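Take a look at the structure below.
The values are calculated or read from the model by the stated rules, or taken from the named source; none is laboratory data. Nothing here was measured: the structure is a model prediction, and the numbers come from that model. In this analysis, Cβ positions are derived from the backbone assuming ideal geometry, glycine residues included, and neighbour counts consider all displayed protein chains. Keep in mind that these areas ignore ligands, DNA and RNA; they rest on the heavy atoms of the full protein, side chains included. Shrake-Rupley method; radii C 1.70, N 1.55, O 1.52, S 1.80 Å.
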Amino acid sequence: MRLSRYFLPVLKETPAEAQIVSHRLMLRAGMIKQSAAGIYSWLPLGFKVLRKIENIVHEEQARAGHIPIQMPTIQSADLWRESGRYDDYGEEMLRIKDRGGRDMLFTPTAEELVTDIFRSHVNSYKDLPLTLYQIQWKFRDEVRPRFGVMRGREFYMKDGYNFDLTKEDALHAYNRHLVSYLRTYERMGLQAIPMRADSGPIGGDDTHEFLVLAETGESEVFYDSAVTDLTFGDREIDYDDVAQCAGVMEEFTTKYARTDETHEEALFNEVPEERRMTARGIEVGQIFYFGTKYSEAMGATVQGPDGKPVAVHMGSHGIGVSRLLGAIIEASHDENGIIWPEGVTPFHAGIVNLKQGDEEADAACEALEAALEAAGLEPLYDDRKERAGGKFATMDLIGLPWRITVGPRGLKNGVVELTSRRTGESEELPPEAAVAKLVEIYKDHMVKGL
Ligand code: ATP
Ligand code: MG
């Protein structure tokens, strides 16, 4: 992509309404534009990152054997009356009447809708286990929408629902989600720590939230610092292997890690003092097991092995896809701007031409752009007639992890400069070597983009 042809409306001034760094940087980098309180348009750069995050979620869901569907954003109130949640959900639900006076609502979550799909089409235990999920816009009329995409009213969320014959099977589904979420967040360059949580209006007993530690997080968290040493890494997982998933669950959830809702001082005090941490965290996901709450209320039964009807055991599992952009930026930025992890970066590398209009420099940049594209990478070539300082500032602001700087002086020696956004370190190398190095860096981070 040539920057001169792209739409990247960066802001020079720091927008006054933005209180936290991720919100400021998303506005300054031209990623989003607010259209109403807590409701945003996604501009090209923001939309690209959103799609990458979404695609990582899809890939990891597929790996865990979960099946994607798409449910509507507008639901009829009838199903919510069946489950009893129409009255319970309160003012966060955006309620709408259609022209016939029927009560409708904008989906804040979809347990009822998916349970209705299930009960209409699944009749036998032989069709279990089944996990359906979607990535879809949700609306919750939050009292205080703030912090940009972190607490929006409209937000993009992955919501998945497991249907199982027994509690035991459903707990395996719970563990499987926990494992796949660990992998999902790590691919985005994030450490998200599962913490025992409170179930809120969804209901149920077993639930963990995934929290990214950040000063601006809305949740207060208490944890044993040893949890931050755990990494999922590239271990091979067989998602059907009950013992293996339970093992990972055990490994990641036995050390003390809780939000203020479930915090127990006495238990916390058993952690050695030097490892007792209090901090703030951003909730980027949550998993629930809630048993037969919805299946009983809505008659979602299957014929069991003995021919008798059994209410299925369910859980639901969410990832805050749009909130993740904010969380990643909170966890990865410096005073000059965003620093995207390789897995979610909107472009793989920036090309900065120090002397636009110089025949040799222009040709070298174009050749680099073509070579990167031929290798399956997406460069952003700043071909504007701007000062080098301005070009560097833009690249730093938008946070591409790698920058190739091309200028007449280097070209005389047959080299360009490859700079890491994260460390600021640069090396001079021939253009082909720079391309080869980027190919190597990105080989484990290729995600379908836009
Ligand atoms: P919160 O406690 O932050 O209000 P929640 O527990 O009500 O969130 P869930 O129902 O667990 O939310 O939704 C799944 C995920 O969706 C959350 O973990 C979070 O990452 C994301 N999410 C929830 N509400 C919002 C929102 N208003 N804006 C952006 N993302 C959200
Ligand atoms: Mg939650």
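Structural remarks
- Between the listed residues Leu397, Cys365, Ala375, the Cα displaced farthest toward the positive end of the dipole of the range 349-447, a dipole computed from Cβ unit charges relative to the Cα centre, is found at Leu397.
- For the chain, size of Cβ-based charge dipole, Lys and Arg +1, Asp and Glu -1, in debye: 1600
- Spacing of the modelled spin labels on Thr73 and Ser219, each 7 Å from Cα toward Cβ, amounts to 2.7 nm.
- Converting phi to 3J(HN,Hα) with the Karplus coefficients 6.51, -1.76 and 1.60 and the offset θ = phi - 60°, the range 20-26 yields 10, 4, 5, 5, 4, 5, 5 Hz in sequence order, with x at every glycine or proline.
- Overall dimensions of the chain, expressed as equivalent-ellipsoid semi-axes from the Cα gyration tensor (√(5λ), whole Å, largest first), are 43, 24, 22.
- Accessible area expressed per residue, the chain, with surrounding protein chains retained (probe 1.4 Å, Å²): 44
- The chain - mean residue ellipticity at 222 nm from DSSP helices (-39,500 (n - 2.57) per run, n ≥ 4, rounded to 500): -10000 deg cm²/dmol
- Projecting the Cα positions of Ser322, Pro305, Ser225 onto the charge dipole of the range 209-344 (unit charges on Cβ atoms of Lys, Arg, Asp and Glu, taken about the Cα centre) puts Pro305 furthest along the positive direction.
- Of the accessible area of the range 25-179, computed with a 1.4 Å probe over protein heavy atoms only, carbon and sulfur atoms account for 50 percent.
- Applying 1/(1 + (r/R0)^6) with r as the Cβ-Cβ distance of Arg422 and Ala266 and R0 = 41 angstrom yields a FRET efficiency of 0.50.
- Measuring nothing but how far apart in sequence close Cα pairs (under 8 Å, 6+ apart) lie, relative to its length, the chain scores a relative contact order of 17 percent.
- Across all Cα atoms of the range 250-380, the radius of gyration (one decimal) and Dmax (whole number) stand at 25.9, 80 Å.
- Carbon plus sulfur fraction of accessible area for the range 349-447, probe 1.4 Å, in percent: 50
- Links that overshoot a 28 Å alpha carbon limit, given the list Lys391/Lys437; Lys158/Lys448; Lys12/Lys385; Lys97/Lys158; Lys52/Lys385; Lys52/Lys437: Lys52/Lys385
- Amide H contacts of Val221: Ala279, Arg280, Gly281, each under 5 Å away and 5 or more positions distant or on a separate chain (H built 1.01 Å from N in the peptide plane; Pro and chain starts excluded).
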